[in-house]
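Data block below; observations after.
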Amino acid sequence: FELAPVIVRDALRRLFRRPGLTIPAAGRPGEVATMNSDGAYEWAQEMARGAENYRNEVTVASLPAMLRWSTRKAAARLTVPVLAILAESDTITPPSRVRTAFADVDTVEYLSYPESHFELFTDHAEAVRKSTVEWLVAQLA
């Protein structure tokens, strides 16, 4: 587990009142980053284009909480309508895992696209935005 040494180093630094460490939020495959799947770095760079204050980093101190996070447990507490947008060819967040995570949510609706994870934000961005707005308007009616 490649993040363990970084987490330990960060904890020791903070123990001795030194500044905590950060790692890239998005990196390339093989790099230490919170997202390092194929295409993650390029997607993050594209999404941040024009955002002058964006920094591609996350605090190492936040990683243990991220690693303990359970979407299914959090989703089970939802009592509001939920729209889950799926990419059918997604290997990062496979639709089957999303459906399992939301299995106990009675108010979930699924919207599915045939592509992969990052293509939802690029190739299908306009269609996703349009469908999301339509869903929100219907919920507020």
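The values are calculated or read from the model by the stated rules, or taken from the named source; none is laboratory data. Keep in mind the model is a prediction, meaning the values are calculated, not measured. Every residue, glycine among them, receives a Cβ derived from its backbone with ideal geometry; neighbour counts consider all protein chains shown. Ligands, DNA and RNA are stripped out before the accessible areas are found, and what is left, the full protein with its side chains, is counted by its heavy atoms. Shrake-Rupley method; radii C 1.70, N 1.55, O 1.52, S 1.80 Å.
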Nearest-0.05 FRET efficiency for Lys130 and Val82 at R0 = 25 Å, using Cβ-Cβ distance, is 0.85
Among (1) 0.93; (2) 1.05; (3) 1.02, the value of Rg/Rh (Cα atoms, Kirkwood Rh) computed for this structure carries the label (3)
Helix-only [θ] at 222 nm, the chain, -39500 (n - 2.57) per DSSP H run of 4+, per residue, nearest 500, equals -11500 deg cm²/dmol
With Pro19 itself left out, Lys, Arg at +1 and Asp, Glu at -1 over residues whose Cβ is under 15 Å from its Cβ give +4
Excluding ligands, DNA and RNA, the carbon-plus-sulfur percentage of the accessible area of the chain with a 1.4 Å probe reads 56
Taking a probe of 1.4 Å and leaving out DNA, RNA and ligands, the chain shows per residue an accessible area in Å² of 68
